[in-house]
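Q: One structure is given below, represented as structure tokens, and several questions about it will come after.
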Amino acid sequence: MKLLTNKRFIFTWLSGMSLTLGFSIFFLSISWLTIDVLKQPGLLGIIMAAVSLPRVVMMVFGGVFADRFQKSRLLFLTNLAQAALMLAIVGLHLADAYSVTALLVIAVVFGILDGMSYPALSSLIPSIVKKQDLQRANSLFQGSLELMFVLGPFLAGVLLTFGGFALSFGTSAGLILLAAVLILPRLIQDVIPESATLTFSTVIFDLKEGISYVSRTPILRAGTLAIAIVNLFIMGPLIMSIPILVGERGGTPFDLSLIEGGLALGTFVASFLVLALRSVQRGRFVFRALFLTVLAFLFYTQVESIPLLAIASAMSGFMLMLVYLPAVTLMQENSDKNKIGRVMSIMALAASGLEPIAFAVLSVLVALAVPIQTLLVVFGGIALAASILLFVRSGTFRKAA
């Protein structure tokens with residue numbers, strides 16, 4: 001594979017894996033610290049929100065920075081700052097100086113930095129990979145990141161068991177620092193945009209220009225909406241429902257891990273399957289996968305046993321990734337080079353920013369005693385209707401090669 005002889009891609013790929021593994025270890029470690037050390041399980045949701053909400057907000061603005069500055073330099077600086085935050089937590093641990101305020105501040109800053117780096121990372125790949133290799137590059141990159149998300153919690157558990165929080169957060173810091181070293185501008189040698197003064201007004205102008213550009217470009221608009229549909233109406237409800245359904249069926253923590261593992265396995269396998277795609281009309285392929293994703297999710301809403309739930313979640317994750325990867329590649333290929341950062345930030349918002357909305361809506365309705373399976377069927381029905389409407393109104397995307 002010629003892709004594996006591209007040193008700039010190799011460095012970016014390894015950096016992304018190292019960063020994702022470090023982030024995954026951090027996420028589980030700070031969760032366990034909140035429960036085991038602070039003895040405040042109710043605080044866990046607040047800390048998770050402190051990471052995720054600033055991350056989602058900064059994804060929008062991160063695309064502006066990715067278009068204005070050298071992407072590898074931006075990634076190097078944000079990764080370096082994240083590693084420093086991990087070392088700060090190690091310092092708090094050694095000094096036995098944990099506090100809720102300190103952890104919340106660290107979580108917020110970490111989320112902001114991650115939101116800034118994601119659009120830069122996803123828009124860097126098209127600038128260092130040839131167009132004919134872009135689909136394979138995205139598949140290999142995304143599949144490896146999914147694997148890191150699977151391995152991260154396991155590795156964090158081992159580190160916490162045998163070395164405690166100092167070793168766990170220290171390992172996270174080391175991995176994120178390694179990610180920074182691997183993405184050094186001198187190794188990546190990506191394009192340096194023409195320097196321009198960046199002010200609040202120029203940021204807002206660039207942001208509006210990016211949104212307008214996506215909304216008036218048929219392929220970008222349809223790709224973003226397809227990704228939004230599967231995340232808002234399928235992935236968000238699916239993730240939220242897993243522990244609820246396991247609890248209703250009297251399941252065990254192993255049952256919970258079985259279903260969540262099925263979901264992770266499905267996305268991981270699909271990521272590498274896309275590597276084998278050859279000579280398909282990707283626009284039509286995305287729509288076929290979109291309808292099959294909805295059908296897999298509707299199957300998930302009807303099954304009762306734990307093994308069938310695991311199979312159905314794996315099928316949903318598998319099909320969802322077959323929507324996501326070709327759609328992202330088509331968007332990258334059809335974006336102007338000076339706007340691709342903003343395009344990827346809007347795509348990232350559709351992929352990651354809509355799931356919390358589904359979480360919130362489902363949480364409120366479940367609290368009002370609406371059966372979870374009823375809610376899942378309604379979300380699946382909305383997804384199907386939205387998919388049909390998008391298919392009818394997206395002729396340009398359907399014809400995309």
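The values are calculated or read from the model by the stated rules, or taken from the named source; none is laboratory data. The model shown is predicted, which means the values in this text are computed figures rather than measured ones. Glycine also receives a Cβ, built like all others from the backbone with ideal geometry; neighbour counts cover every protein chain displayed.
Q: Report yes if SER316 is in a helix (DSSP H, G or I), touching a residue at least 24 places away in the same chain (Cβ under 8 Å) and within 22 Å of VAL269 (Cβ to Cβ), otherwise no. Full working, then the answer.
A: Details: in a helix (DSSP H, G or I): yes; touching a residue at least 24 places away in the same chain (Cβ under 8 Å): yes; within 22 Å of VAL269 (Cβ to Cβ): yes.
Yes: the conditions hold for SER316.
Q: Would you please list the contacts, defined by Cβ atoms under 8 Å and residues six or more apart or on different chains, that run from a residue in segment 96-113 that is part of a helix (DSSP H, G or I) to a residue that is of a type in the set (Phe, Trp, Tyr)?
A: PHE110/PHE26
Q: Among what's in segment 367-382 and is farther than 24 Å from LEU225 by Cβ and of a type in the set (Gly, Ala, Ser), pick the residue that is surrounded by the most Cβ atoms within 10 Å (Cβ to Cβ).
A: So the first thing to find is which residues in segment 367-382 are farther than 24 Å from LEU225 by Cβ, and the list is 367-374.
Restricting the remaining residues to those that are of a type in the set (Gly, Ala, Ser) gives 367, 369.
Details: ALA367: 8, ALA369: 6.
Taking the candidates together, the pick is ALA367.
Q: Residues that are closer than 27 Å to ILE46 by Cα, touching a residue at least 60 places away in the same chain (Cβ under 8 Å) and of a type in the set (Asp, Glu): does segment 348-355 have at least one? Give the steps one after another, and end with the answer.
A: Applying the first criterion (closer than 27 Å to ILE46 by Cα) to segment 348-355 yields 348-355.
Narrowing further to those that are touching a residue at least 60 places away in the same chain (Cβ under 8 Å): 348-355.
Okay, now just the ones that are also of a type in the set (Asp, Glu), so 355.
Yes, because at least one residue in segment 348-355 is closer than 27 Å to ILE46 by Cα, touching a residue at least 60 places away in the same chain (Cβ under 8 Å) and of a type in the set (Asp, Glu).
Q: Which of the numbered conditions does ILE219 fail, given that it passes all the others? Conditions: (1) surrounded by fewer than 22 Cβ atoms within 10 Å (Cβ to Cβ); (2) closer than 26 Å to MET17 by Cβ; (3) not small (Gly, Ala, Ser).
A: Of (1) surrounded by fewer than 22 Cβ atoms within 10 Å (Cβ to Cβ); (2) closer than 26 Å to MET17 by Cβ; (3) not small (Gly, Ala, Ser), only one is false for ILE219: (2).
Q: Same structure, new question: Say whether the condition of being over 23 Å from VAL150 (Cβ atoms), outside the structural domain of LEU134 (by TED's automatic domain parsing) and touching a residue at least 12 places away in the same chain (Cβ under 8 Å) is met by at least one residue in segment 244-261.
A: So far as segment 244-261 goes, yes, one or more of its residues are over 23 Å from VAL150 (Cβ atoms), outside the structural domain of LEU134 (by TED's automatic domain parsing) and touching a residue at least 12 places away in the same chain (Cβ under 8 Å).
Q: Could I ask something else about it? Report yes if ILE346 is out of contact with any strand residue (DSSP E or B) (no Cβ under 7 Å at 6 or more places or on another chain), β-branched (Val, Ile, Thr), assigned by TED's automatic domain parsing to the domain that holds LEU275 and surrounded by 23 or more Cβ atoms within 10 Å (Cβ to Cβ), otherwise no. Step through it out loud before you land on a result.
A: Values: out of contact with any strand residue (DSSP E or B) (no Cβ under 7 Å at 6 or more places or on another chain): yes; β-branched (Val, Ile, Thr): yes; assigned by TED's automatic domain parsing to the domain that holds LEU275: yes; surrounded by 23 or more Cβ atoms within 10 Å (Cβ to Cβ): yes.
Answer is yes for this residue.
Q: Now a separate question. Inspect segment 121-130 for any residue being at negative phi, surrounded by fewer than 22 Cβ atoms within 10 Å (Cβ to Cβ), touching a Lys or Arg at 6+ places or on another chain (Cβ under 6 Å) and in contact (Cβ under 8 Å) with a residue 40 or more places away in the chain and give the result as yes or no.
A: Yes, segment 121-130 has at least one match.
Q: So which of SER139, SER215 ends up being of a type in the set (Gly, Ala, Ser), free of Cβ contacts under 8 Å to residues at least 24 places away in the same chain and either over 22 Å from ASN334 (Cα atoms) or part of a helix (DSSP H, G or I) (or both)?
A: Numbers: SER139 fails: free of Cβ contacts under 8 Å to residues at least 24 places away in the same chain.
After ruling out the rest, the residue left standing is SER215.
Q: In the set VAL90, VAL60, which member is more than 24 Å from the chain's Cα centre (by Cα), not hydroxyl-bearing (Ser, Thr, Tyr) and not assigned by TED's automatic domain parsing to the domain that holds ILE340? Spell out the reasoning first.
A: Details: VAL60 fails: more than 24 Å from the chain's Cα centre (by Cα).
It is VAL90.
Q: Residue by residue through segment 233-282, note down the ones that are among the small types (Gly, Ala, Ser) and either assigned to a helix (DSSP H, G or I) or surrounded by 15 or more Cβ atoms within 10 Å (Cβ to Cβ) (or both).
A: Within segment 233-282, GLY236, SER241, GLY247, GLY251, SER257, GLY261, GLY262, ALA264, GLY266, ALA270, SER271, ALA276 meet the criteria.
Q: So which of LEU245, LEU308 is out of contact with any Phe, Trp or Tyr (no Cβ under 6 Å at 6 or more places or on another chain), modelled with pLDDT of 90 or more and not β-branched (Val, Ile, Thr)? Outline the logic, then answer.
A: Details: LEU245 fails: modelled with pLDDT of 90 or more.
Only one candidate passes the filter, namely LEU308.
Q: Any residue in segment 204-225 that is in contact with a helix residue (DSSP H, G or I) (Cβ under 8 Å, 6 or more places away or on another chain), at pLDDT 85 or above and under 30 Å from VAL303 (Cβ atoms)?
A: Looking for residues that are in contact with a helix residue (DSSP H, G or I) (Cβ under 8 Å, 6 or more places away or on another chain), at pLDDT 85 or above and under 30 Å from VAL303 (Cβ atoms), one finds at least one in segment 204-225, hence yes.
Rundown of residues vs (1) farther than 23 Å from PHE9 by Cα; (2) exposed (fewer than 14 other Cβ atoms within 10 Å of the Cβ); (3) of a type in the set (A, V, I, L, M, F, W, C), yes/no style:
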position: ARG136; (1), (2), (3): no, no, no
position: GLN142; (1), (2), (3): no, no, no
position: PRO153; (1), (2), (3): yes, no, no
position: ALA179; (1), (2), (3): no, no, yes
position: LEU187; (1), (2), (3): no, no, yes
position: ASP190; (1), (2), (3): no, no, no
position: VAL203; (1), (2), (3): yes, no, yes
position: LYS208; (1), (2), (3): yes, yes, no
position: VAL214; (1), (2), (3): yes, no, yes
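Q: Can you name every residue in segment 353-366 that is crowded, with 18+ Cβ neighbours inside 10 Å and assigned to a helix (DSSP H, G or I)?
A: Let us first name the residues in segment 353-366 that are crowded, with 18+ Cβ neighbours inside 10 Å, namely 353-355, 358, 362.
Selection gives GLY353, GLU355, ALA358, LEU362.
Q: Can you tell me which residues in segment 154-190 are within 25 Å of the chain's Cα centre (by Cα), not in a helix (DSSP H, G or I) and not acidic (Asp, Glu)?
A: ILE183, LEU184
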